Structure formats: C-alpha cells, structure tokens
1. Given the conditions (1) free of Cβ contacts under 8 Å to residues at least 40 places away in the same chain; (2) assigned to a loop (DSSP other than H, G, I, E, B); (3) closer than 26 Å to residue 74 by Cβ; (4) not basic (Lys, Arg), which single one is not true for residue 202?
2. If you scan the range 6-64, which residues turn out to be assigned to a loop (DSSP other than H, G, I, E, B), among the hydroxyl-bearing types (Ser, Thr, Tyr) and touching a residue at least 60 places away in the same chain (Cβ under 8 Å)?
3. Of these, 152, 160, which one is farther than 17 Å from residue 200 by Cα, in contact with a His (Cβ under 6 Å, 6 or more places away or on another chain) and either surrounded by fewer than 19 Cβ atoms within 10 Å (Cβ to Cβ) or modelled with pLDDT of 95 or more (or both)?
4. Please go through the range 11-32 and pick out each residue that is closer than 15 Å to residue 130 by Cβ and either crowded, with 19+ Cβ neighbours inside 10 Å or of a type in the set (Ser, Thr, Tyr) (or both).
5. What's the total number of residues in the range 110-144 that are surrounded by fewer than 16 Cβ atoms within 10 Å (Cβ to Cβ) and assigned to a strand (DSSP E or B)?
Amino acid sequence: MQGFADIHTLEWDKVHHTPTLHAGDLHLWKIATAGQGAPRADELWRLLSDAERERAARLRLVLHRERYLRAQGGLRRILASYLDRQPESLVFLRGSAGKPYLKDTPLHFNLTTSGDLALLGVSLREPVGVDCEHVRPRTELDAVARRMFPPAVAELVIAAPFPERLGHFYRAWTALEADVKSDGRGLFGPKSEPAADSPQIHHCIPQPGFVAAVARVRLPSVQQWHALMLEET
C-alpha cells in the first residue's frame with residue numbers, strides 16, 4: 001500500500017445524456033453539490049420522494065440541505081436516464097444494512113458524498129461500492145487504524161513516515177468503505193469468508209483534496225472507467 005503518488009487523477013467528460021452502459025463497464029459520475037456548476041437545489045425538490053423531502057427538511061443548515069438535494073436529485077436524474085424513466089418515478093428499496101437498490105433492473109449503483117463532492121458508481125449486473133473522502137488531518141489516526149483496519153494494513157499505516165501517514169490512512173479507509181458498500185453489509189456488518197469473487201478495489205483522485213475508491217468484482221483499471229458529469233443546461 002502506498003500514499004497518493006501513484007493514484008490516477010480523473011478527467012471528467014461533461015455529457016448531456018448517459019452513454020450506453022455495457023457489461024464490464026464502470027461509469028463513475030461526479031455530482032456537484034455546491035459551488036459553480038451545481039444545479040439550483042430548489043429545482044430538484046420535486047424529483048424527491050416524500051421521505052427524501054422530509055429528510056431534507058430536517059437538515060437545519062441550508063448548505064447541508066442543498067448538498068443533500070443536489071446529491072439525491074443528481075442520483076435520480078442519472079439513474080432515470082439509464083432506465084428511460086422520469087426521475088421522480090423511481091422507487092428505492094433498501095437492503096438489510098440500508099443500501100438502496102431498484103427492483104427489477106440489472107442496474108447496480110452506489111452514491112457517496114463528502115463535503116461539496118458526490119460520486120455515483122453505476123454498474124451492470126455487478127454490485128459496486130464507492131467511497132470518497134475529503135483529505136484533512138485527523139486526531140487519533142493510529143487508534144482508528146488499529147480499530148478499523150486488518151492488523152497488517154493498520155501496521156503499514158502506523159509505520160509510514162509521518163508526512164505520508166495521512167495519505168496511507170485515507171487510502172485504507174476509502175478501500176474499507178467501498179468494500180463494505182459493494183455488498184451492502186455496512187461498515188460493522190459481518191464479513192464473509194474470503195472468496196475467489198471478492199471485490200477488487202481501485203483508487204482515484206476525483207478532484208484536488210479528495211481521494212476515492214471503487215470496489216467491484218472484475219473491476220476494470222481506472223484508466224478504463226467512464227468519468228462523467230451531467231452538463232447543466
């Protein structure tokens with residue numbers, strides 16, 4: 001395991017419509033949840049379900065509420081485009097650990113948010129997990145590593161030279177999160193025994209200051225991913 005020096009920085013293609021998703025493809029979407037290029041949050045309100053609107057209304061800070069609206073609205077717009085449906089018509093169900101899914105479709109997806117950034121991984125027939133993190137200093141880094149990572153990974157993080165330790169930590173953390181989100185068991189759910197079809201995990205830098213990981217069985221190299229953004233009209 002290394003820090004960030006060998007991680008590929010993504011270049012995003014702005015598109016008006018979702019491209020065709022083939023078996024084996026990995027589509028990774030960047031959704032702006034704040035700042036320049038982000039859609040108006042109030043225009044996305046009508047796309048959400050009653051439960052999603054209720055959750056948004058409970059967020060007291062306007063910034064947090066608008067981030068949520070843009071992430072959920074972007075999720076619905078993108079998935080609906082693949083399925084040729086209206087965004088507001090999508091009905092999300094949830095697995096035992098809360099991972100959302102759509103019934104009766106081969107489309108698999110996973111949404112992750114961190115600050116002003118949201119990423120959506122989309123896959124055909126194969127479950128996918130995505131995590132992104134804003135890289136910033138953390139307290140008790142060594143203790144968190146020992147508690148959350150496998151012993152060998154924790155020791156690599158702790159033994160890294162101090163200037164590089166934070167990068168090692170976030171690489172391990174995003175890998176952990178993407179792994180548990182790929183099969184929907186959740187961060188503290190029981191892990192099954194290692195198998196031949198355990199997820200592969202690759203990292204990328206979606207934008208400066210952030211690192212992300214994607215987990216999926218038979219995952220193509222990062223250079224083969226389709227890195228996409230919706231072009232706002």
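1. So residue 202 meets the others, but not (2).
2. Within the range 6-64, 18, 33 qualify.
3. Numbers: 152 fails: in contact with a His (Cβ under 6 Å, 6 or more places away or on another chain).
Sole residue among the options that is farther than 17 Å from residue 200 by Cα, in contact with a His (Cβ under 6 Å, 6 or more places away or on another chain) and either surrounded by fewer than 19 Cβ atoms within 10 Å (Cβ to Cβ) or modelled with pLDDT of 95 or more (or both): 160.
4. 26, 27, 28, 29, 30, 31, listed by residue number.
5. Matching residues across the range 110-144 total 1.
The values are calculated or read from the model by the stated rules, or taken from the named source; none is laboratory data. Quantities reported herein were computed from a predicted structural model and do not represent experimental measurements. All Cβ positions, even for glycine, are placed from backbone atoms using ideal geometry, and neighbour counts span all protein chains on display.
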